[in-house]
1. What's the number of the condition Ala85 fails, among (1) among the aliphatic types (A, V, I, L, M); (2) in contact (Cβ under 8 Å) with a residue 40 or more places away in the chain; (3) assigned to a strand (DSSP E or B)?
2. Before we move on, is Ala165 aliphatic (A, V, I, L, M) and free of Cβ contacts under 8 Å to residues at least 24 places away in the same chain?
3. Go through region 47-85 and report how many residues are of a type in the set (A, V, I, L, M) and on the phi > 0 side of the Ramachandran plot.
4. Could you list, in sequence order, all residues of region 58-70 that are without any contact (Cβ under 8 Å) to a residue 40 or more places away in the chain and either over 16 Å from the mean Cα position of the chain (by Cα) or not in a loop (DSSP other than H, G, I, E, B) (or both)?
5. Pick out the one residue from Pro151, Pro105, Pro139 that is in contact with a Lys or Arg (Cβ under 6 Å, 6 or more places away or on another chain), surrounded by fewer than 21 Cβ atoms within 10 Å (Cβ to Cβ) and more than 28 Å from Ile232 (Cβ to Cβ).
6. Looking at this structure, is Ala46 part of a loop (DSSP other than H, G, I, E, B) and at pLDDT 95 or above?
7. Name every residue in region 249-274 that is over 23 Å from the mean Cα position of the chain (by Cα) and in a strand (DSSP E or B), in order of residue number.
8. With respect to Pro237, determine if the residue is farther than 23 Å from Ala33 by Cα and either β-branched (Val, Ile, Thr) or surrounded by fewer than 14 Cβ atoms within 10 Å (Cβ to Cβ) (or both).
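The values are calculated or read from the model by the stated rules, or taken from the named source; none is laboratory data. Quantities reported herein were computed from a predicted structural model and do not represent experimental measurements. For neighbour counting, all protein chains shown are included, and Cβ atoms are generated from backbone atoms with ideal geometry for every residue, glycine included.
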Amino acid sequence: MAPMSFDPQAVRAFEHRGWERAAARYEATFARATAEFLAPLLDAAAVGAGSRVLDLACGPGLAAAAAARRAALPVGVDFCAAMLARARAAHRAIRFEEADAEALPFAEGSFDAIVSNFGVHHFPDPVRALGEARRVLRPGGRIAFTSWAAPPENLAWKLLFDAVAAHGDPAAAQAPPAGGGLRRPEEARAALLAAGFVQVAAQPVERRWRLDAAGDLLAGFQQGTVRTAALIAAQTPAALAAIAAAIAANITPYRGPEGYAVPIVAILACGVKP
């Protein structure tokens, strides 16, 4: 089968459908992984008291809420109405707007800092979205974002993808080609430079995804992601049972008295608007 060509609108529609579906279960599942990186993300963007902060691709508003706890002044934006409904219900004192990352409804220089916790690599055109973020950032303001490191360096994904390779079909999902990537520090730095930022930096940051049971890893990917969830959903029932069994066997070295603590690695990137 010939590879599908890149289509930004197809990527946007695929991501939108996926996040609308995932919104209801995201906080109870995959957010247990993503939330581990909120503190270093906010630190990299120098978010503090009085900072005007944009939480880009805010999802249920976890980064915006963390910024508010630092006495910052956050605003969250996302293109997913279901995610925004959850953000508004949980964080009533914070403003949330529905918007596309490539066309933000804010004036130039509106923010002192912009953060995006695992959002940028989902955009059809990350450089274009980062350029739009640069527009609404004040001169000297900081941007910081996280993206997931490549599976060979990221154990949670390696556990899943190794099991799929052994017992399922890694090409079953037929999802549209992604526009992002940003799985390595050099890719994140290049994207920031291409968007016009200076003083760019990117490095891996390791945390632990804490799970109560072995099956929670697969469930987290199924219920709280989009592209990876599509891969899992495309497996046959027999293959999925074998994949779950393989993960349960291979996750045992990370079991402790309070459950599992699986290493996860993010690329944390930051830059400054000239």
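1. (3) is the only condition that Ala85 fails.
2. yes
3. So in region 47-85, the residues of a type in the set (A, V, I, L, M) come out as 47, 49, 53-54, 56-57, 62-68, 71-73, 75, 77, 81-85.
Filter once more, keeping what is on the phi > 0 side of the Ramachandran plot: 57, 71.
Counting residues in region 47-85 that are of a type in the set (A, V, I, L, M) and on the phi > 0 side of the Ramachandran plot gives 2.
4. Once the filter is applied, which keeps residues that are without any contact (Cβ under 8 Å) to a residue 40 or more places away in the chain and either over 16 Å from the mean Cα position of the chain (by Cα) or not in a loop (DSSP other than H, G, I, E, B) (or both), region 58-70 yields Ala64, Ala65, Ala66, Ala68, Arg69, Arg70.
5. On the way: Pro151 fails: more than 28 Å from Ile232 (Cβ to Cβ); Pro105 fails: in contact with a Lys or Arg (Cβ under 6 Å, 6 or more places away or on another chain).
Answer to the selection: Pro139.
6. It is true that Ala46 is part of a loop (DSSP other than H, G, I, E, B) and at pLDDT 95 or above.
7. Across region 249-274, the qualifying residues are Arg255, Gly256, Gly259.
8. Details: farther than 23 Å from Ala33 by Cα: yes; either β-branched (Val, Ile, Thr) or surrounded by fewer than 14 Cβ atoms within 10 Å (Cβ to Cβ) (or both): yes.
Considered against the rule, which asks whether it is farther than 23 Å from Ala33 by Cα and either β-branched (Val, Ile, Thr) or surrounded by fewer than 14 Cβ atoms within 10 Å (Cβ to Cβ) (or both), Pro237 comes out as yes.
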